[in-house]
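The values are calculated or read from the model by the stated rules, or taken from the named source; none is laboratory data. In this text, all values refer to a predicted model and were calculated from it rather than measured experimentally. Backbone-built Cβ (ideal geometry, glycine too); neighbour counts: all protein chains shown.
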Amino acid sequence: MPNASHAPPICYNVFDFSQTFNQPMPHTPTSVVTNHARPHMPTIHWTESGVNHTALWRSERGAPPPKRVVIADDTTTADAAYHLACEGTALLWRGDFHNARQLLQALARRVDKTPQRKKRAKGKATDADAPAVPMANVFNLHRQAQAQRARVLGMVLLPFEADYGIALRRAPDARLACAEAWGPVITTDGASVAPMRDLLGMISAHEWRKKGVEVAALGAAPNNRIHPHYGVFSPIRGEYVALVATAPLPQAGPSQKDLVAFDIGTGTGVLSAVLARRGITKVVATDQDPRAIACAHANLTQLGVSAQVEVLQVDLFPPGRASLVLCNPPWLPARPSSPIEFAVYDEGSRMLLGFLAGLTDHLTRHGEGWLILSDLAEHLGLRTRAELLAAFAAAGLVVLGRMDAKPVHAKATDSTDALHAARAAEITSLWRLGAAAT
Ligand SMILES: C[S@@+](CC[C@H](N)C(=O)[O-])C[C@H]1O[C@@H](n2cnc3c(N)ncnc32)[C@H](O)[C@@H]1O
């Protein structure tokens with residue numbers, strides 16, 4: 001799997017957050033926090049056997065609590081559930097857990113067969129007999145279809161007890177997976193309700209976190225695995241990591257021991273670890289996402305390079321200057337539809353343009369900025385090469401060199417994918433940027 005992110009955890013899986021859900025969870029006690037500080041959380045209300053109920057509402061994609069909720073169980077048919085879900089009525093499951101999973105799969109099949117999906121498939125630029133549809137339209141239809149799919153599938157809800165246990169027949173013990181995604185149990189929170197789809201994603205993320213992703217650029221097994229946490233961009237695409245592992249390091253001065261590097265938006269910490277393994281003794285890694293910060297700490301410690309890398313939770317740059325400032329921003333300028341998509345979509349190119357705008361102020365003399373960027377946005381009609389080069393120039397930067405790599409992920413060769421034409425043409429580049437002479 002991975003996926004979004006970017007893995008399963010979130011697997012930057014080329015924007016396809018597909019997940020595998022079938023591993024039973026090991027029983028591991030969840031740590032319990034009894035502090036009462038809690039940001040405001042929405043609640044969901046429903047009536048069951050004539051009694052009104054309320055519980056905390058948890059939605060990873062930030063969806064509001066559904067206003068209409070009915071109770072569903074093993075007698076609920078897929079057609080009835082699909083009809084309810086499409087009209088915005090949520091189904092709170094009280095039956096067998098495995099049956100709920102099958103119901104979800106049945107709903108997914110129905111969503112994927114809708115006329116809109118067929119229309120999207122027709123828009124594929126690979127259809128020789130279909131009129132050419134601009135890729136930007138294909139992309140927008142694809143995103144709309146993904147959003148609709150998420151809305152419908154997000155209507156199958158599960159009840160969680162205060163300790164994240166699920167009191168349903170044949171339900172797995174997913175308390176650890178929930179704690180990894182939602183944070184430790186806060187006993188005063190009480191019961192909660194969340195989409196089953198979220199739980200399956202959390203279980204999948206837990207498995208990926210346990211197993212880890214092998215990163216060849218980190219050296220020989222077994223000490224070359226990155227363990228992505230839930231919601232953190234996963235380095236399942238090795239080509240961009242390999243570029244960072246092989247690009248020539250800038251000269252830092254009399255001694256390469258003086259070379260300081262910044263890794264902006266470190267995610268799992270993978271690129272900082274690669275730089276540390278290349279012998280750089282001082283790397284400062286930043287991220288603004290607390291999940292990424294915790295994940296990077298854990299990975300760098302486990303890889304034995306934490307003494308070489310400082311991890312800071314800041315917006316873009318740490319204070320000071322470095323001979324090498326590296327950034328792998330989200331590659332597509334589009335609005336994320338959920339918080340876990342923030343590592344994939346960069347609305348208004350905020351991170352890309354913020355990195356470029358601040359780069360010269362954070363480079364030492366003769367220092368280099370390394371920008372990792374795929375040209376998928378160009379193939380999708382979301383950005384032109386001329387706009388990218390103009391952004392470099394506007395930031396006072398010149399191109400010192402560029403290294404390219406062809407993605408080898410499965411989506412690149414999947415001709416049934418709506419975005420196949422763009423993905424098949426995609427190139428990932430490491431742009432070496434320097435300050436323009438003044
Ligand atoms: C595409 S991911 C790259 C992660 C990692 N560097 C890698 O290559 O696998 C982009 C990362 O940038 C982080 N990010 C986004 N905006 C940021 C900002 N303004 N400041 C710092 N980090 C940011 C995201 O949280 C995410 O972890």
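Going through L243, L200, L168, L158 one at a time, which residue ends up being in a strand (DSSP E or B), at pLDDT 95 or above and aliphatic (A, V, I, L, M)? Quick ask: steps written out before the conclusion?
Working: L243 fails: in a strand (DSSP E or B); L200 fails: in a strand (DSSP E or B); L168 fails: in a strand (DSSP E or B).
Result of the check over L243, L200, L168, L158: L158.
Might you check whether a residue that is near the ligand (Cβ under 10 Å from one of its atoms), closer than 26 Å to S59 by Cα and not basic (K, R) occurs anywhere in segment 352-364?
Within segment 352-364, none of the residues are near the ligand (Cβ under 10 Å from one of its atoms), closer than 26 Å to S59 by Cα and not basic (K, R).
Please go through segment 293-338 and give me each residue that is within 15 Å of F262 (Cβ to Cβ) and touching a Phe, Trp or Tyr at 6+ places or on another chain (Cβ under 9 Å), ordered by number.
Of everything in segment 293-338, those that are within 15 Å of F262 (Cβ to Cβ) and touching a Phe, Trp or Tyr at 6+ places or on another chain (Cβ under 9 Å) turn out to be L316, F317, P318, G320, R321, A322, L324, V325, L326, C327, N328, P329.
If you go through segment 279-288 one residue at a time, do you hit one that is within 9 Å of the ligand (Cβ to nearest atom) and touching a His at 6+ places or on another chain (Cβ under 7 Å)?
Looking only at segment 279-288, we keep the residues that are within 9 Å of the ligand (Cβ to nearest atom), and these are 285-288.
Now restrict to residues that are touching a His at 6+ places or on another chain (Cβ under 7 Å): none.
No, every residue in segment 279-288 fails to be within 9 Å of the ligand (Cβ to nearest atom) and touching a His at 6+ places or on another chain (Cβ under 7 Å).
When residues of segment 43-89 are filtered for being part of a loop (DSSP other than H, G, I, E, B) and under 12 Å from L157 (Cα atoms), how many remain?
5
Quick one: N3 ticks every box in (1) within 16 Å of the ligand (Cβ to nearest atom); (2) at pLDDT 50 or above except a single one, so which number is it?
Among (1) within 16 Å of the ligand (Cβ to nearest atom); (2) at pLDDT 50 or above, N3 violates only (2).
Residue under question is V305, and the condition is that it be at pLDDT 95 or above, away from the ligand (no atom under 14 Å from the Cβ) and among the β-branched types (V, I, T); does it hold?
Working: at pLDDT 95 or above: yes; away from the ligand (no atom under 14 Å from the Cβ): yes; among the β-branched types (V, I, T): yes.
Against the criterion (at pLDDT 95 or above, away from the ligand (no atom under 14 Å from the Cβ) and among the β-branched types (V, I, T)), V305 qualifies.
Which one of the conditions (1) over 15 Å from the mean Cα position of the chain (by Cα); (2) surrounded by 22 or more Cβ atoms within 10 Å (Cβ to Cβ) does P330 fail to meet, given that it meets all the rest?
For P330, the failing item is (1).
Against the condition buried (at least 17 other Cβ atoms within 10 Å of the Cβ), closer than 27 Å to Q251 by Cα and within 16 Å of the ligand (Cβ to nearest atom), how does W370 come out, does it pass?
Details: buried (at least 17 other Cβ atoms within 10 Å of the Cβ): yes; closer than 27 Å to Q251 by Cα: yes; within 16 Å of the ligand (Cβ to nearest atom): yes.
The answer is yes for W370.
Hey, can you tell me all the residues within segment 232-249 that are more than 17 Å from P407 (Cβ to Cβ), more than 9 Å from the ligand (Cβ to nearest atom) and either crowded, with 23+ Cβ neighbours inside 10 Å or among the polar types (S, T, N, Q) (or both)?
Looking only at segment 232-249, we keep the residues that are more than 17 Å from P407 (Cβ to Cβ), and these are 232, 247-249.
Retained after the next criterion (residues that are more than 9 Å from the ligand (Cβ to nearest atom)): 247-249.
None; the set is empty.
I'd like to verify a number: residues in segment 334-343 that are surrounded by fewer than 24 Cβ atoms within 10 Å (Cβ to Cβ), within 13 Å of the ligand (Cβ to nearest atom) and assigned to a loop (DSSP other than H, G, I, E, B), how many?
Total satisfying the criteria: 2.
Can you spot a residue in segment 328-342 that is closer than 13 Å to T428 by Cβ and at pLDDT 95 or above?
Yes.
Restricting to segment 389-438, name every residue that is β-branched (V, I, T) and surrounded by 20 or more Cβ atoms within 10 Å (Cβ to Cβ). Reasoning before the result, please.
Step one: list which residues in segment 389-438 are β-branched (V, I, T), which gives 398-399, 408, 413, 416, 427-428, 438.
The answer is T428, and nothing else.
Which residues, taken from segment 308-326, are under 18 Å from P290 (Cα atoms), touching a Gly at 6+ places or on another chain (Cβ under 9 Å) and within 11 Å of the ligand (Cβ to nearest atom)?
Here is the first cut: in segment 308-326, the ones under 18 Å from P290 (Cα atoms) are 309-318.
Next, only the ones that are touching a Gly at 6+ places or on another chain (Cβ under 9 Å) stay: 309, 311, 315-317.
Of everything in segment 308-326, those that are under 18 Å from P290 (Cα atoms), touching a Gly at 6+ places or on another chain (Cβ under 9 Å) and within 11 Å of the ligand (Cβ to nearest atom) turn out to be D315, L316, F317.
When you scan segment 265-277, do you find a residue that is surrounded by fewer than 22 Cβ atoms within 10 Å (Cβ to Cβ), within 16 Å of the ligand (Cβ to nearest atom) and over 16 Å from the mean Cα position of the chain (by Cα), even just one?
yes
Could you grab me the full set of residues in segment 250-264 that are more than 12 Å from the ligand (Cβ to nearest atom) and of a type outside the set (A, V, I, L, M, F, W, C)? Working first, answer last.
Going residue by residue through segment 250-264, those that are more than 12 Å from the ligand (Cβ to nearest atom) are 250-261.
Those that are more than 12 Å from the ligand (Cβ to nearest atom) and of a type outside the set (A, V, I, L, M, F, W, C): P250, Q251, G253, P254, S255, Q256, K257, D258.
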